[in-house]
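Written out below as structure tokens is the structure these notes cover.
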Amino acid sequence: VLQPLIDMVSERLAAAAPEGMISAAQGKLAAAGYPLGLTEPVFLLLRGGAALLAAGASYMIFLQLANSAPLMRMTVTLFVLMAISMGPDYFVSGRMKTRQTTVRRSLPDLLDLLVVCTEAGMGLDGALAEVVNRKEGPLVDEFNRTLVEVRLGKRRSDAWQDMSDRVQVAELATLVAALYQAQTMGVSIARALRAHSDALRSQRTIRIKEQGAILSTKMLFPMIFCIFPALFVVILGPGAVNIIRTFGGGIGGG
């Protein structure tokens, strides 16, 4: 019953929305992998609904806190307004970051498989088909879409560039640039993939070392506020109890 109404409102909203807003929503949803099957009009409709809901909820809370301090009243109202109105954007942004992290982690292994296939004599399309048949994940889905677009007649360079624009991961964009340069200059695809694979693994090693270097700083605050108090209680607790008993007994005897 509601689906035709939602479709009608979404179509009218898409027609009335500025082109820049539609493009921005399309880029964000594509990078997030279109979570929950969201389309650009539905996402814009959710944004508008969240803004109306946030306005109503914040107004009700503003009236409920009439007897509170003005600063607290305004702070709570603005927090509810921002939290609800930005809910759809937060959800899509979170899914986008998760998907990009998954792509970034799976890229070296998939690239190694591509290198093995191309060095064995396969073409780039055949190597992509082998990766799609053997692996799973968001990057594999993007490879599959790119392969289908190439088979339907789209230029390989345009299909790879569209994939890079959809995923919005710097490492993948570098790979696309390297493949385009290799195709333009007539360099072996297998050699270009091997060089990029080695560079990508070096970058991942450097990134892991950087994360290990800042790990001690990140652990400082949990240690201060969670571990050290319990440690002090265990170590100093028995001694403090003995001191209290000793001085308490002396005072009582005096």
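No value in this document is a laboratory result; all are computed from the given coordinates. Computed from a prediction, not measured in an experiment: that's the story for all the values here. Counting neighbours? That spans all protein chains shown, and the Cβs are built from the backbone with ideal geometry, glycine included.
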Exercise for review: At q = 0.09, 0.17 Å⁻¹, what is the base-10 log of I(q)/I(0) for the chain according to the Debye formula with one equal point scatterer per Cα and no solvent? Please give it to two decimals.
Suggested key: -0.68, -1.23
Exercise for review: Over the chain, calculate the relative contact order: mean separation of alpha carbon pairs under 8 Å at least 6 apart, over the residue count, as a percent.
Suggested key: 15
Revision key, fill the gap. Note on the chain: helices (DSSP H) long enough, at least 18 Å by alpha carbon along their axis, and hydrophobic enough, mean Kyte-Doolittle at least 0.0, are 2-16, 19-32, 40-64, 70-85, 170-185, 228-253
Point to revise | Ile224 paired with Met21, simple spin-label distance in nm, labels 7 Å along Cα-to-beta-carbon | key: 4.5
Revision key, fill the gap. Rounded to the nearest whole number, the Stokes-Einstein translational diffusion coefficient of region 68-107 at 10 °C and 1.306 mPa s (Kirkwood radius, C-alpha pairs) in µm²/s is 130
Review point. Which of the aspartates and glutamates could a cross-linker span from Lys135 if the Cα-Cα distance has to be under 13 Å and same-chain partners fewer than 8 positions apart are dropped?
Key: Asp109, Asp112
Review point. Does a label point 7 Å from the Cα of Arg105, set along Cα-to-beta-carbon, have any residues of region 130-148 with amide nitrogen under 15 Å, and which are they?
Key: 136-140
Exercise for review: Take each of the peptides 230-236, 200-206, 103-109, average the number of other beta-carbon atoms within 10 Å over its residues, and list them starting from the highest.
Suggested key: 103-109, 200-206, 230-236
Check your understanding: How big is the equivalent ellipsoid of region 89-145 along its three axes, where each semi-axis is √(5λ) from the Cα gyration tensor, reported in whole Å from largest to smallest?
Key -> 27, 10, 7
**Study point:** Contour excess over end-to-end distance, with Cα ends at Ser216 and Thr98 and 0.36 nm allotted per residue
**Key:** 40.0 nm
Revision key, fill the gap. Taking R0 as 35 Å and r as the Cβ-Cβ distance between Gln181 and Asp141, the FRET efficiency 1/(1 + (r/R0)^6), rounded to the nearest 0.05, comes to 0.85
Point to revise | Computed [θ] at 222 nm, helices only, for the chain once each DSSP H run of length n ≥ 4 contributes -39500 (n - 2.57) | key: -29000 deg cm²/dmol
Exercise for review: Mind telling me which of Ala55, Ala240, Ala177 comes out most flexible in a GNM of the chain, alpha-carbon contacts under 10 Å?
Suggested key: Ala240
